[in-house]
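Below: the structure, in structure tokens.
The values are calculated or read from the model by the stated rules, or taken from the named source; none is laboratory data. This one's a predicted model, so the numbers in the text were calculated from it and none came from an experiment. With ideal geometry, Cβ positions are generated from the backbone for all residues, glycine too; neighbour counts draw on all protein chains shown.
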Amino acid sequence: MTTIPPILTYCSLITQTLWIGQTTITTSKMCDPLPRMGRMRIDRRQPDLAQRPLSMANFLYKNDLPDDLDLGPIVAIDCETMGLNPHRDRLCLVQMSGGDGNAHLVQVARGQTEAPNLCKMLADPNVLKLFHFGRFDIAAMYHAFGTVTEPVYCTKIASKLVRTFTDRHGLKNLLEQLLKVDISKYQQMSDWGAEDLTNAQLDYAASDVLYLHQLREKLNVMLEREGRMEIAQACFDFLPTRAKLDLEGWPEIDIFTH
């Protein structure tokens with residue numbers, strides 16, 4: 001076991017990485033290295049759960065999910081690619097969470113076209129796949145593996161349907177506004193095709209899925225309140241077809257116009 005113990009400041013992270021066969025397990029926990037000094041009072045009141053970093057474990061797998069892994073009935077999913085053109089830029093990483101604070105990440109090899117366990121979950125009608133801007137991720141995975149992902153839910157679509165008072169629907173903004181969570185996007189433009197991903201990359205990838213379950217709950221309350229749940233569901237149902245249209249050559253053309 002390799003331990004990396006950077007004790008930095010109050011509430012810094014201690015990260016441990018375990019290598020077990022083809023699986024990497026990265027665990028993070030909060031520490032408090034500040035000493036007690038005389039009668040000095042340190043305010044240790046905890047913010048709401050959504051406002052503080054989740055104590056989490058990152059499980060990194062090569063090529064596919066393990067045979068016996070069950071992520072539950074709602075799985076948050078995000079992808080990292082080499083770029084934004086699915087025909088040119090390959091899929092590198094698929095990160096998932098069952099909403100329990102843990103992230104499961106599948107590193108996809110160059111030229112890989114099969115991931116049986118991952119694809120089984122993507123196509124499972126009893127598992128809701130939860131995305132933010134699912135249009136891109138669904139297209140990327142369909143192009144890589146040929147599997148249609150459904151049923152799905154997209155927090156970006158939900159936000160656009162119900163938060164009509166703003167045009168800011170990015171994940172970072174939604175988390176700040178609805179959950180009081182601030183996530184870093186520093187690693188967004190890093191090299192996801194690298195053979196060895198850094199802990200910083202894995203933590204960034206995990207942060208894109210760890211809060212989607214909570215975000216969905218908040219958005220569903222707003223959709224129900226405004227009477228837009230039915231139209232939202234219709235949009236979610238159409239999303240896999242929208243992703244196919246992107247791949248087939250209609251990325252920005254509205255085929256419903258005159």
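Looking across 165, 238, one residue alone is surrounded by fewer than 19 Cβ atoms within 10 Å (Cβ to Cβ), farther than 22 Å from residue 123 by Cα and either without any contact (Cβ under 8 Å) to a residue 12 or more places away in the chain or among the β-branched types (Val, Ile, Thr) (or both). It is 165. Going through the range 94-108 one residue at a time, which ones are assigned to a strand (DSSP E or B) and out of contact with any Gly (no Cβ under 9 Å at 6 or more places or on another chain)? Residues satisfying the conditions are 94, 95, 96, 97, 103, 105, 106, 107. The lone criterion from (1) surrounded by fewer than 18 Cβ atoms within 10 Å (Cβ to Cβ); (2) aliphatic (A, V, I, L, M); (3) at pLDDT below 95; (4) part of a helix (DSSP H, G or I) left unmet by residue 255 is number (4). If the condition is being surrounded by 13 or more Cβ atoms within 10 Å (Cβ to Cβ), at pLDDT 95 or above and in a loop (DSSP other than H, G, I, E, B), then the range 67-88 contributes 69, 71, 82.
Residue-by-condition table, conditions (1) surrounded by 13 or more Cβ atoms within 10 Å (Cβ to Cβ); (2) within 28 Å of residue 124 (Cβ to Cβ); (3) of a type in the set (S, T, N, Q); (4) within 21 Å of the chain's Cα centre (by Cα):
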| site | (1), (2), (3), (4) |
| --- | --- |
| 156 | yes, yes, no, yes |
| 204 | yes, yes, no, yes |
| 215 | yes, yes, no, yes |
| 229 | yes, yes, no, no |
| 248 | no, yes, no, no |
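Just to verify a result, which residue in the range 179-200, among those that are modelled with pLDDT under 95 and of a type in the set (A, V, I, L, M), is surrounded by the most Cβ atoms within 10 Å (Cβ to Cβ)? Step by step, filter the range 179-200, then rank; the result is 181.
Looking only at residues of the range 152-193 that are assigned to a loop (DSSP other than H, G, I, E, B) and of a type in the set (Val, Ile, Thr), we find that the one that is nearest to residue 112 (Cα to Cα) is 183. Total residues in the range 109-151 satisfying the condition of being closer than 23 Å to residue 161 by Cα and either part of a loop (DSSP other than H, G, I, E, B) or of a type outside the set (Val, Ile, Thr) (or both): the figure is 14.
Could you tell me which of the residues 144, 123 is among the aliphatic types (A, V, I, L, M), in contact with a Pro (Cβ under 9 Å, 6 or more places away or on another chain) and more than 17 Å from residue 213 (Cα to Cα)? From the options 144, 123, the qualifying one is 144. Output the qualifying pairs, or none if there are none: Cβ atoms under 6 angstrom, residues six or more apart or on different chains, first residue in the range 73-87 and without any contact (Cβ under 8 Å) to a residue 60 or more places away in the chain, second residue not aromatic (Phe, Trp, Tyr) and not in a loop (DSSP other than H, G, I, E, B). From the range 73-87, the pairs are 75/96; 75/129. From 232, 194, which residue is out of contact with any Ser or Thr (no Cβ under 7 Å at 6 or more places or on another chain), in contact (Cβ under 8 Å) with a residue 24 or more places away in the chain and of a type outside the set (Phe, Trp, Tyr)? When all the criteria are applied, what remains is 232.
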